[in-house]
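Beneath this line is the structure, given in structure tokens, with notes to follow.
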Amino acid sequence: MDQWFKAFECEIKRQAAYYAHKPTVKSVFFGGGTPSLMPPALVAHIIDTLAAHFNLSSACEITLEANPTSAEAANFKALQQAGVNRISVGVQSFDNELLQFLGRQHSAEEAIDVIHTVRDTFENFSFDLIYARPQDTWATWKKELDFALTFQPPHISLYQLTIETGTVFQQHVAARKFTPLDEETATTLYIKTLEALEQQGYAAYEVSNFARPGQACQHNLTYWRYEDYVGIGPGAHGRITINGTKYATKQYRYPEKWLEHALKNGGEQYRTSLSLEDSFTEHLMMGLRITDGIARQPFLQRYQTLWESYNVEKKARQLVAEGLLEADEQALRCTPEGRLRLNSLIAFLTRKTTP
């Protein structure tokens, strides 16, 4: 464990050295894998080291992801004392059969107990659920959603089940062990979920994320607003701007390899400058996920040439006419219908055409 203390300290110092002046950090997110298994002393050391080399804002949001098990919940008080002020719990489902289908090792009963512990310890917390599972109907999903909302979470993430290439789910579909939910039903569930949560006072501030007023996840908003974030630790990615150039960074994925390199000369595997075209596409892809959309003037200032060469203004008017986009002097925003077709919409906006 002493090596891990030293490795994180070395990597944080190395990342901070890229900046001429200490940047202000408005959020820290311990995510990926199971960070709630980290000793609270290591979490405290990381936060203290960040505070020594960056300016942590007075309202800095410090989130830690946790699995809903009693072993991890036992650390919540110590994690709070270490500086964590927000917990995100990977509940996934309140149905034991569905948890087994999703490959989760906790039970619904454990998840419920952990949520109670979180509520007793943290004012700010979130948990996530997966829906649009095989055989889901609005009635079955609404029953589970209604139960979830009895806990009155300030924030909730609701992800539709997707079958990704190279996953066990894809293998099971290929072997006909189950059939994914049809697209029409999944769309209906999405629309009805938006309506149900809005009625309960939750704003759908992003495709899959819902929050009560003032409770949106500030760290995730950094991603979606295409602002800078530093990736530290095994497998972490980052997007940082140095001297006007946007860079993509990636840390070594495997913990042992990251540890070895972080102790020697930094755990960063690569740092690659992004072309203006890459940044343009990423910015659109991220920014149109949130209901606030993309602020027009800063976007135009940065991508004026590409805006014209991709003929975005004309395309935006077409998408507005089709009810997929809202465009005014302040911002470009997807409508709920547009967010359902986001991938196609991005491909259309970033396709070069003749003006």
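Each principal axis of the range 68-205 carries a Cα extent, and these read 48, 34, 24 Å when sorted largest first.
Among the GluC sites (Glu not before Pro) within the range 317-355, those in coil by DSSP and having at most 13 neighbouring Cβ atoms inside 10 Å are Glu322, Glu329.
Counted as membrane-span-like here are DSSP H helices of the chain whose alpha-carbon atoms extend 18 Å or more along the helix's own axis and whose Kyte-Doolittle mean is 0.0 or above; these are 40-53.
When the chain is fully extended, how far beyond the present Cα-Cα distance does Asp95 get from Asp120, taking 0.36 nm per residue of separation?
Values: separation 25, 0.36 × 25 = 9.00 nm, distance 2.33 nm.
Difference between extended and current length: 6.7 nm.
The ranking of Thr179, Thr241 by Cβ neighbour count inside 10 Å, starting from the fewest, reads Thr179, Thr241. Put simply, when 229-236, 187-194 are sorted by average Cβ atoms within 10 angstrom per residue, most first, you get 229-236, 187-194. Protection proxy ranking of 72-78, 140-146, by the mean of other Cβ atoms within 10 Å over each peptide's residues and highest first, is 72-78, 140-146.
Please state the equivalent ellipsoid semi-axes for the range 293-349: what are the square roots of 5 times the Cα gyration tensor eigenvalues, largest first, in whole Å?
Three semi-axes, in Å: 18, 12, 10.
Across every pair of non-identical alpha carbons in the range 223-276, the mean reciprocal distance, once inverted, gives a Kirkwood radius of 11.5 Å.
Once both labels are positioned 7 Å from their Cα atoms along Cα-to-Cβ, the gap between Ala44 and Lys257 label points is 3.4 nm.
Quick note: the coordinates plus some simple rules give every number you see, no bench work behind them. All figures in this text were calculated on a predicted structure; none of them were measured in a lab. Quick reminder, even Gly has a Cβ in these numbers, built from the backbone with ideal geometry, and neighbours come from all protein chains shown.
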